[in-house]
Amino acid sequence: MIGISIYVFNFDLVFEIQLEEHYRTSKMDSIITLIFAIGTYTVNTSSEGIYLVELNLSNKSAEIVKTIPATNPSFVHYVGDNATLYYVEEVGNRVGSINAVRIDFADLSAKKLSSFMTQGSAPCHIAISPDQQTLIASNYSSGNFTTFELTPEGEISREMSNYKFDARSTHPSRQKQSHIHSAFYTPNGKNVYVQDLGGDCIYQFAANAVTKNQQSFVTHQMPKGAGPRHLTFSPNNEFVYVINELNGTIDAYGLNENGYIKNHIQTIPTDTTEGDNLCAHIRLSLDGRFLYASNRGTKNSIAVYKVAHNGMLSLVQVINSGGEGPRHFEFTPDENFILVANQYTNNVSIFRRNEQDGLLSKMDLEIKVPSPVSVAQL
């Protein structure tokens, strides 16, 4: 069966029509050909920027079809409604940038739309509001986040707010100051959670307040030395799962009717084998039944959990990530496959996902890219 989606845009009175064809076969290989953007580190590596890769799951092939030049584009985020790819440029202790490019699917060329300084150093994460009107850039080294206004066409139009934090915790080298590692909107778009790895804090904002300076917010104190990095919300907005980089655990919380953390449900490890933890990314399946988490350090693994109706997690699998340094991963749209970016072995490994039990099995297929650290499906 062939599904054709037609998108019509009006940009400066010019109408552009882009056709995307998703070729479908069996239930297990429902989407054969996909385009992924892979963000990388370019400094002291052979990488040239962002790689656009064509992945064919039918003949098990992967080909780099285009490169977007950039310096340390360590996080990428794609919005399909206006074919816009956003990426940060993380340039050491200097102020970083947030950039927007439009992807033309006729030849996969990228047109630069806009670029702004993030008003902080080492930007490492991008969040887009569900209404696609706000972008949040998290700055790790400087301990702040900045919000930007987006136009209907996806351009970054102006800076709106900038929040800087001053917190610390118990880790002797990683928690001497605030390190903002991510921001996530709740599924209903009403709240924003900001993760401070350095201060062991989660700052909870109302979404309509985060774009204004000097607004009140609610601080949730995480366990000392945990290092909250990323999180994921249940589809029904009842639970949130926080992955802790430093102590290698996941904390599950229940949410109240206003979308803020209400009660602690569980702390569960990601990988109990001997070695150092350095957890990175976390995602729920769309149906909310299974949760996935990556651990770097010396573990280099992906943990799979089954999610109970009360929000409790039970570990069902720990599988090698297929490389070293699994910093980020992404599902295919049908969630039958997961792509894992292994930073230190220069490869993106691909796993087949069983939708019935959530288990992963590594495929004999990978994408060779220098220092991959972020993946987004176009």
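Here are the numbers for the structure shown:
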{"quantity": "Lone qualifier among Ala303, Ala293, Ala280, Ala341 - being surrounded by 17 or more Cβ atoms within 10 Å (Cβ to Cβ), modelled with pLDDT of 95 or more and in contact with a Cys (Cβ under 8 Å, 6 or more places away or on another chain)", "calculated": "Ala293"}
{"quantity": "Filter result (touching a residue at least 40 places away in the same chain (Cβ under 8 Å) and closer than 15 Å to Thr151 by Cβ) within segment 100-110", "calculated": "Ala100, Arg102"}
{"quantity": "Which numbered condition Ala252 fails, given (1) part of a loop (DSSP other than H, G, I, E, B); (2) closer than 28 Å to Asn144 by Cα; (3) of a type in the set (Gly, Ala, Ser)", "calculated": "(1)"}
{"quantity": "Residue that is nearest to the chain's Cα centre (by Cα), among those in segment 323-350 that are under 13 Å from Glu366 (Cβ atoms) and of a type in the set (S, T, N, Q)", "calculated": "Asn342"}
{"quantity": "Considering residues of segment 255-273 that are β-branched (Val, Ile, Thr) and assigned to a loop (DSSP other than H, G, I, E, B) only, the residue nearest to Glu238 (Cα to Cα)", "calculated": "Thr270"}
{"quantity": "Neighbours by Cβ (under 7 Å, 6+ apart or cross-chain): first from segment 111-133, touching a residue at least 24 places away in the same chain (Cβ under 8 Å); second surrounded by fewer than 13 Cβ atoms within 10 Å (Cβ to Cβ)", "calculated": "Ser121/Asn93; Ser121/Arg94; Gln132/Asp81"}
{"quantity": "Yes/no for Glu274 being surrounded by fewer than 18 Cβ atoms within 10 Å (Cβ to Cβ), more than 17 Å from the chain's Cα centre (by Cα), farther than 28 Å from Val53 by Cβ and not aliphatic (A, V, I, L, M)", "calculated": "yes"}
{"quantity": "Any hit, segment 142-149, residues being more than 19 Å from the chain's Cα centre (by Cα) and outside any loop (DSSP other than H, G, I, E, B)", "calculated": "yes"}
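The values are calculated or read from the model by the stated rules, or taken from the named source; none is laboratory data. From a predicted model like this one, the values you see are computed outputs, not experimental measurements. Please note: Cβ atoms are built from the backbone with ideal geometry, for glycine as well, and neighbour counts cover all protein chains shown.
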